[in-house]
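Single-structure report; data block below.
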Amino acid sequence: MKNKLFILLNGILVISVAFCIYKTMSIPDVRYVKSADLIYSYEGMKDAQKKQEKVMNEVQSNLDTLQLDFQKAVNNYNQDFPKLSKDERIEREKLLSLQQNNLQQYSKNAEDKIKTKDEQITQGVLNQVNSFVEEYAKKKGYDIVLGTTTSGNILFAREQMDITDEVLKALNENYKTEANTVEE
Amino acid sequence: MKSALWKTCFFCLLIIFCSSCGKEISTLSEFNSFVSDSENGLKVSKSVNGVLISVIYTPPEYISLKEMELHGFKGKEKYDSLLNNNKASASFLMIFGPDESKGNKDDIMYTGLKNFKEYVERAMTLNFDLEQQITLSTEENDYLPVLSSLENTYGLSKDRKINIVFTSLKEQKNLKEAMKYDFIYSDETYDVGILHFEFDKEKIEENLPEINFQ
């Protein structure tokens, strides 16, 4: 009788331990990164911003030149105004109006171009970060990597689960990867 | 007797080991395999957004051997003359392909496209505008490509290969003196952002195989 009870208790113990191990193993390994910190500290994003700044400066420089030309044309017209006949005035005003329209059109096109480029550049960086985080999580065995945003999709998480710094370090290292070279 | 046998075996193994250390090639296909093996430091690949982009540095030695085979030239003298010319430039092979491990099985020309207009833009960019999106940066200067040519595959491959050549301008330091190459691709086609492909030219040159002309 005692023997049977002993076997039964042992059986229950083994099942309990197995159940605990199973439960422990099946809990997903969840981590989180601070999305904004990760993206804005990423070297790829800094380079992208520099590139965007360069494009904006080029556009602004062209715009300044066109504005200066238009301003000069207006000044010349004002200076010549007393000497001009009615027909000449109409002709010059037409030209000025055309120049102003061109300037406005260029400004609008430039704005659209900058917006499109900005979206394209940002999307490229986000794709780089997403692809890297996916690979990194697989390598480290994380089941879920959450991204916190300022709108507060995660209200609380232990600091130990924050992997922003380690992901950022690996991400920046990966950004400038050198080819493998066999050391002899 | 036993000792002599052991000594003979040891020397045989030593000879085999030593002969495998010094790399020597005699054909272009052997050089192709060497260049395409990422362990040799001439190939860097990056995968973003289901697109796999590889850049292979094709050293002047490889280009010279390729020219030798193409024109049917023979002998070390001709090779040295070609090598001397080719050392003034740096050539790369850029490969765009779908990353099948990420579930992208499309031809890279059609990956992520929404309409025909986008296809035309992509085809135009890869054929004619890629030079504006690539820079080769060294310790002292930035170089722009002087040549970029897309190899047509006629639908036989999902990848696209583009040959890119850089050369130094008069006021720039000669490319052959550079120790490191940073091939920068500022993408405007596949939403993969700015990608750096770095090559340690000094180490690559140390590890290049000898060419056997016999």
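Computed values, structure above
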| quantity | calculated |
| --- | --- |
| Qualifying helices (runs of 4 or more DSSP H) (wholly inside segment B:58-173; at least 2 residues being surrounded by 17 or more Cβ atoms within 10 Å (Cβ to Cβ)) | B:60-71, B:76-86 |
| Among (1) away from chain B (no Cβ under 14 Å); (2) surrounded by 15 or more Cβ atoms within 10 Å (Cβ to Cβ), the one test that A:Tyr42 misses | (1) |
| Output for segment A:129-182, where each listed residue is within 24 Å of B:Phe197 (Cβ to Cβ), among the small types (Gly, Ala, Ser) and either out of contact with any strand residue (DSSP E or B) (no Cβ under 9 Å at 6 or more places or on another chain) or modelled with pLDDT of 90 or more (or both) | A:Ser131, A:Ala170 |
| Any chance B:Glu24 is touching a residue at least 60 places away in the same chain (Cβ under 8 Å), more than 11 Å from chain A (Cβ to nearest Cβ), under 21 Å from B:Asn212 (Cα atoms) and out of contact with any Phe, Trp or Tyr (no Cβ under 8 Å at 6 or more places or on another chain) | yes |
| Contacts under 6 angstrom Cβ, first residue in segment B:192-208 being facing chain A (nearest Cβ under 7 Å), partner in a strand (DSSP E or B) and of a type in the set (A, V, I, L, M), 6 or more apart | B:Val192/B:Val48; B:Val192/B:Val51; B:His196/B:Ile184 |
| Breaking point among (1) assigned to a helix (DSSP H, G or I); (2) away from chain B (no Cβ under 12 Å); (3) within 30 Å of A:Ser26 (Cα to Cα), for A:Tyr142 | (1) |
| Selection within segment B:174-214 - modelled with pLDDT of 90 or more, among the aliphatic types (A, V, I, L, M) and in a strand (DSSP E or B) | B:Ile184, B:Ile194, B:Leu195 |
| Tally of residues being touching a strand residue (DSSP E or B) at 6+ places or on another chain (Cβ under 7 Å), farther than 30 Å from A:Glu119 by Cβ and buried (at least 20 other Cβ atoms within 10 Å of the Cβ) across segment B:176-200 | 2 |
| Segment A:91-136: number of residues that are touching a residue at least 12 places away in the same chain (Cβ under 8 Å) and of a type in the set (Ser, Thr, Tyr) | 4 |
| Test: residue in segment A:57-67 that is over 30 Å from B:Ser186 (Cα atoms), out of contact with any strand residue (DSSP E or B) (no Cβ under 7 Å at 6 or more places or on another chain), at pLDDT 90 or above and surrounded by 10 or more Cβ atoms within 10 Å (Cβ to Cβ) | yes |
| Residue in segment A:1-53 that is modelled with the lowest pLDDT, counting only those that are charged (D, E, K, R), part of a helix (DSSP H, G or I) and more than 22 Å from B:Ile194 (Cα to Cα) | A:Lys23 |
| Condition check for A:Glu119: within 14 Å of another protein chain (Cβ to nearest Cβ), under 30 Å from A:Glu58 (Cβ atoms) and part of a helix (DSSP H, G or I) | yes |
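Listed here are the residues, each with its yes/no results for (1) at pLDDT 90 or above; (2) within 11 Å of chain A (Cβ to nearest Cβ).
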residue: B:Asp37; (1), (2): no, yes
residue: B:Leu42; (1), (2): yes, yes
residue: B:Val48; (1), (2): yes, yes
residue: B:Tyr57; (1), (2): yes, yes
residue: B:Tyr62; (1), (2): yes, no
residue: B:Glu67; (1), (2): yes, no
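The values are calculated or read from the model by the stated rules, or taken from the named source; none is laboratory data. Quantities reported herein were computed from a predicted structural model and do not represent experimental measurements. Counting neighbours? That spans all protein chains shown, and the Cβs are built from the backbone with ideal geometry, glycine included.
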